[in-house]
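> Have a look at this one before I ask anything.
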Amino acid sequence: MSYLFDTHCHLADPKFNFTLANDLDTAKQHSTLEFLSVGTSPADWSETLQLANHFQNIHAALGLHPYFIDANHALHLSELETLVSLNSISAIGEIGLDYSKQVKADESLQMSVFRQQIEIAQFHNLPVSIHCLKAYNPMLKFLQRHSVEGVMHGFAGGSEMATQFIEAGLYIGVNSVLLNQNARRYHEMVQLIGLERLVLESDAPFGMNLYPDSPLSSLRLVAGKIAELLNCSVDCVIEQTTRNAEQLFIRKRS
Ligand SMILES: [Zn+2]
């Protein structure tokens with residue numbers, strides 16, 4: 001039986017008040033759902049690890065998100081390196097570049113912190129979950145020069161950019177933004193790139209404004225919308241996107 005894989009959610013975020021317990025129960029009974037729960041700062045790393053230790057279908061990713069880069073970043077990076085060495089985790093993330101005005105860390109500091117986390121991922125042979133806002137060109141240049149496996153999460157850069165990130169070796173993560181009738185560019189991107197390099201995500205508890213009841217219901221609707229756009233069955237969408245996610249995030253560490 002095919003099951004869904006939520007490749008980007010924040011289960012340890014204090015704002016998370018969805019029916020996770022229900023989803024986990026359903027997941028356990030029917031094997032319908034796997035989660036990659038991403039951490040964003042030292043504040044949620046240990047809870048992310050605890051969730052992954054406790055539930056077989058929750059996989060942990062740890063990372064320092066650009067929002068949370070502050071004067072203590074060197075200390076936080078060494079803490080991250082220690083946790084990654086000592087625990088079984090599935091990815092580094094959520095990491096990335098965010099050159100929008102809401103982020104305090106300047107562009108060169110963000111790039112340096114991102115590069116150091118990519119080095120941790122490469123050293124431990126782990127994929128990454130990447131956040132990118134108003135920084136597609138520098139991100140693409142970086143990824144073209146480094147060998148990085150992972151997902152461009154919540155990607156909104158359009159078809160042409162998506163193709164270039166895929167050529168650089170990345171997968172494209174789509175969420176409930178796709179359900180917006182007016183998201184024409186987003187729909188076109190999915191139609192152009194097809195299922196080979198697509199993965200699903202809820203980004204819960206963020207990005208749940210359209211269908212807020214649970215990550216599982218959000219993912220089901222997104223899978224349905226992709227099936228409609230690609231003129232194929234929902235099962236086919238679930239099978240391929242889950243296979244993609246498994247190849248990235250469920251594997252033995254070497
Ligand atoms: Zn996120």
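> How large, in percent, is the carbon and sulfur part of the accessible surface of the chain at a probe radius of 1.4 Å?
Whole-percent figure for carbon plus sulfur exposure: 49.
> At 1.4 Å probe radius, can you tell me the per residue accessible area of the chain in Å²?
46
> On to the next question. Placing +1 on the Cβ of each Lys and Arg and -1 on the Cβ of each Asp and Glu in the range 4-249, which of Pro66, Leu219, Gln191 has its Cα farthest towards the positive end of the resulting dipole?
Projecting each Cα onto the dipole axis, the largest value belongs to Gln191.
> Using only protein heavy atoms and a 1.4 Å probe, report how much of Phe206 is accessible, in Å² to the nearest 10.
80
> Just name one of Ser112, Val237, Phe5: the one whose Cα is farthest towards the positive end of the charge dipole of the chain (beta-carbon charges, Lys/Arg +1, Asp/Glu -1).
Highest projection toward the positive end goes to Ser112.
> Keeping all protein chains in the complex and leaving out DNA, RNA and ligands, what accessible area do you get for Met111 with a 1.4 Å probe, in Å² to the nearest 10?
50
> Give the ranking of Thr163, Thr48 by solvent-accessible surface, highest area first, calculated with a 1.4 Å probe.
Thr163, Thr48
> Would you check the accessible area of Cys232, probe 1.4 Å, heavy atoms only, in square angstrom rounded to 10?
40
> Calculated from DSSP H runs of 4 or more alone, at -39500 (n - 2.57) each and per residue, what is the 222 nm mean residue ellipticity of the chain, nearest 500?
Computed ellipticity for the chain at 222 nm equals -14500 deg cm²/dmol.
> Lysine pairs, Cα distance under 24 Å, 8 or more residues apart or cross-chain: how many in the chain?
Lysine pairs meeting both conditions in the chain amount to 8.
The values are calculated or read from the model by the stated rules, or taken from the named source; none is laboratory data. Source: prediction; values computed, not measured. Ideal geometry is used to build each Cβ from the backbone, glycine not excepted, and the neighbour counts take in all protein chains shown. With ligands, DNA and RNA removed, areas are computed over all heavy atoms of the protein, side chains included. Shrake-Rupley method; radii C 1.70, N 1.55, O 1.52, S 1.80 Å.
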